[in-house]
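Step one of this worksheet: look at the structure below.
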Amino acid sequence: MKPLPALDKIVARFHIDGSFTEGAPCGSGHINDTYCVTLDQRGRRARCVLQRINHHVFKDPPALMENIRRVTTHLAGKLAGTPGAARRVLTLIPSRDGAAFHRDDSGNFWRAYHFIDDARTIDTVENPRQAFEAARAFGRFQQLLADLPAPRLRDTIPDFHHTPRRFGALERAIAADAANRATLAAPEIEFALRHRALTTALLDANLPERVTHNDTKLNNVMFDHATGEGICVIDLDTVMPGLALHDFGDMVRSTTSPAAEDERDLSRVRMQFPMFEALVRGYLDCAGGFLTATERRLLPIAGQVITFETGIRFLADYLSGDTYFKIHREGHNLDRCRTQFRLVESLEKQQDEMQKLVEAM
């Protein structure tokens, strides 16, 4: 367990009044270090969120923070005057020198956000209403950013959803077989090679570039305690140019199956159609106004593409000796790959039904 940094000294570097009371880790993210800090503002309790950016994953934190500053400023402007606007967008707290971040003496990059009260994140979807609300929040996020002024946002992780290049990495991992595991993964390799056409299903469709979130898991939406509404999209590190269907596809991948990402009992892995329907309805409720006819038509295939892409990333890492994703047991990445591929199969079987649903909307 990492030692707790000197949060009192870090928060003092940001433009927020009050004396430090306490701070502790919060959230379930695996990349950045996130802390909730409580301050005393002349007898009134206030909270903020401090995050130490993982600069090993995000190589250019100043560019990343400029993306976030532009996006949050634009969202705040579009939401100005609407009820509860301050809870519907992350609000950066500037550093004492006016920057969007603080760099400490050890070279770590920190940022601070105002805390969103009376809301929570949910790690595992419990019902279609939550799926609907999450999809609606991400659809609204894309809608509000559709007119973000130039210049183009920076790519915080280049080629993040370039599926053909991900497939090329898999082919190199198969050829190298650095960990001598290709025989153990022979069925998964065969599945991947057989589904190669999925890699270009979205990229060859001449879809427009959008501002996209690129990590549309359920727990990147804040849900209002009282109403259950998805009010705010969080974790903006991967907000960058992309395809709208990348975001929708990742919602399908991460929300429709009741099984965990590393489930060993593959009989539990399946696409639950009511969850898919909730995602479509929620997403189109906000995004339907700007999507092209081709984007709408390809909604059912998006989940297959992103699920397959995730599966081949796990498979490539397994074949390379588990050098990227953290593992907690032998064969963990292979288990993850198998779960993704089984979900691809389930999506394939229900493709016609999904297409009919989308066409009816």
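Each value in this text was obtained by applying a stated rule to the coordinates, not by laboratory testing. Worth saying up front: this structure is predicted, and the values here are computed from it rather than measured. Cβ placement follows ideal geometry from the backbone for every residue including glycine, while neighbour counts extend to all protein chains displayed.
In table form, for the structure just shown:
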| quantity | calculated |
| --- | --- |
| Net +/- balance of residues flanking Asn108 in space, Cβ distance below 10 Å, scoring K and R +1, D and E -1 | -1 |
| Value at 222 nm in deg cm²/dmol, rounded to 500, when DSSP H runs of n ≥ 4 in the chain each add -39,500 (n - 2.57) | -13000 deg cm²/dmol |
| Ranking of Thr163, Thr200, Thr82 by count of other Cβ atoms within 10 Å, fewest first | Thr82, Thr200, Thr163 |
| GNM top mover of Arg152, Arg253, Arg13 - the chain, alpha-carbon springs below 10 Å | Arg152 |
| Karplus (6.51, -1.76, 1.60) ³J(HN,Hα), θ = phi - 60°, over the range 40-52, in Hz, Gly and Pro reported as x | 9, 9, 6, x, 9, 7, 9, 10, 9, 10, 9, 10, 9 |
| GluC sites (Glu not before Pro) within the range 327-361: DSSP coil, no more than 16 neighbouring Cβ in 10 Å | Glu330 |
| Pair Thr200, Asp265: separation of 7 Å Cα→Cβ label points (nm) | 4.1 |
| Rg/Rh (Cα only; Kirkwood hydrodynamic radius) as it applies to the range 7-115 | 0.96 |
| Ranking of Phe141, Phe290, Phe58 by count of other Cβ atoms within 10 Å, fewest first | Phe290, Phe58, Phe141 |
| Whichever lysines have a C-alpha closer than 30 Å to that of Lys217, once near sequence neighbours (fewer than 8 apart) are set aside | Lys2, Lys59, Lys78, Lys326, Lys349, Lys356 |
| Amide proton proximity set for Met240, modelled H, under 5 Å, gap of 5+ | Thr212 |
| Cβ-isolated cysteines (cut-off 4.7 Å), the chain | Cys48, Cys232, Cys286, Cys337 |
| Over the chain, volume per residue of the alpha carbon convex hull, in Å³ | 150 |
| Value of Rg/Rh across the range 311-355 [Cα atoms, Kirkwood radius] | 1.15 |
